[in-house]
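The numbers here are math on the coordinates, done by the rules we state, and not lab data. Source: prediction; values computed, not measured. Because the Cβ atoms are built from the backbone with ideal geometry, glycine has one as well, and the counts that use them run over all protein chains shown.
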Amino acid sequence: MPRCSKGLVLSFLLCFSLTTRSEIISDPLNSVAWETMYNAFFPGESVVIDDLVKVYAPDSAENPMVVPVLVDASELEDVTKIIVIADLNPIPRILEYYPTRSSPKIGFRFKIEQRSPVRALVRTADGIWHMNGIWIDAAGGGCTAPSLASGSLSWADRLGQIEGRVWPQQSKTSRLKFRINHPMDTGLADGIPAYYIEQLTLVDEEGIELGRLSPFEPVSEDPVFSLDINTSGSVGLWGRDNNGNIFKALLSSE
């Protein structure tokens with residue numbers, strides 16, 4: 001069997017390392033955790049900084065358990081997926097959104113543990129990730145605090161209750177806003193296991209998918225989502241949490 005010299009092996013490893021690292025773009029947010037985030041969620045993939053991805057959130061979190069954020073990538077074409085992460089959260093991945101037949105725009109609320117960059121990465125059909133983000137200051141503790149439901153004896157009676165409405169807009173599009181009663185426990189509070197909604201699917205009146213959501217533990221308790229969808233009719237909502245509970249609702253403009 002032919003042998004490779006030690007020097008040749010070291011040269012190959014050095015070359016491979018440099019090639020891999022060159023794929024990691026310089027981070028405009030100057031986060032110490034960006035390389036870790038890249039290797040965890042987008043290893044070897046192309047990421048570019050893009051001002052067409054807009055992330056709106058407060059500079060400082062008044063309540064670290066309920067931080068509003070809006071991601072708007074509607075100026076990009078052929079968006080297939082959106083990922084929102086907070087670099088310095090103990091659970092950095094907040095949400096994934098697949099806007100199947102909807103605008104790549106989503107508003108929601110999440111928990112933040114400490115001052116952290118919050119970034120959105122938007123994948124287009126060509127496989128490129130378009131990134132932008134902001135820093136949010138926070139006093140801390142949003143991810144490790146117990147949910148309010150954990151201190152209530154009646155929370156199970158409200159579990160999975162859904163409230164929402166469709167507001168028809170122009171050109172057969174609508175604004176959809178809905179809320180689901182759920183503790184969304186992160187599993188980081190003492191004695192309280194992780195318990196969160198892990199999948200949501202939206203369909204139109206003909207059962208055609210409008211979009212899919214994968215919320216993760218950092219999404220706020222009793223989550224509220226705001227979406228722009230490509231239908232003017234009623235919307236069916238189906239969801240499941242990590243304990244196997246199923247939630248269903250039909251949302252309309254009435």
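Regarding the range 33-251, what are the three Cα extents along the principal axes, ordered largest first, in Å?
47, 42, 29
So, with +1 on the Cβ of K and R and -1 on the Cβ of D and E, and no other charges, what is the size of the charge dipole of the chain about its Cα centre, to the nearest 20 debye?
The dipole of the chain has a size of about 380 debye.
What ranking do E198, E62 get, fewest neighbouring Cβ atoms within 10 angstrom at the top?
So the residues, fewest neighbours to most, are E62, E198.
Rank these for me by crowding, F225, F110, going from fewest to most other beta carbons within 10 Å.
Result, fewest neighbours first: F225, F110.
I'm a student and want to see the number: the projected area of the Cα convex hull of the range 56-111, averaged over all directions, in nm².
Taking a quarter of the hull surface, the average projection is 4.1 nm².
Return the calculated 222 nm mean residue ellipticity for the chain, to the nearest 500 deg cm²/dmol, obtained by summing -39500 (n - 2.57) across DSSP H runs with n ≥ 4 and dividing by the residue count.
After summing the helix terms and dividing by the residues of the chain, the value is -3500 deg cm²/dmol.
Going by how many other Cβ atoms sit within 10 Å of their own, how do L237, L76, L250, L153 line up, fewest first?
L153, L250, L76, L237
Of the candidates E113, E221, E209, which one comes out as most mobile in a Gaussian network treatment of the chain with C-alpha springs shorter than 10 Å?
Among E113, E221, E209, the largest mean-square fluctuation in the Gaussian network model of the chain belongs to E209.
I want to verify the translational diffusion coefficient of the range 123-222 in µm²/s; compute it with Stokes-Einstein, Rh as the Kirkwood radius over Cα pairs, at 20 °C and 1.002 mPa s.
The diffusion coefficient I find is 129 µm²/s.
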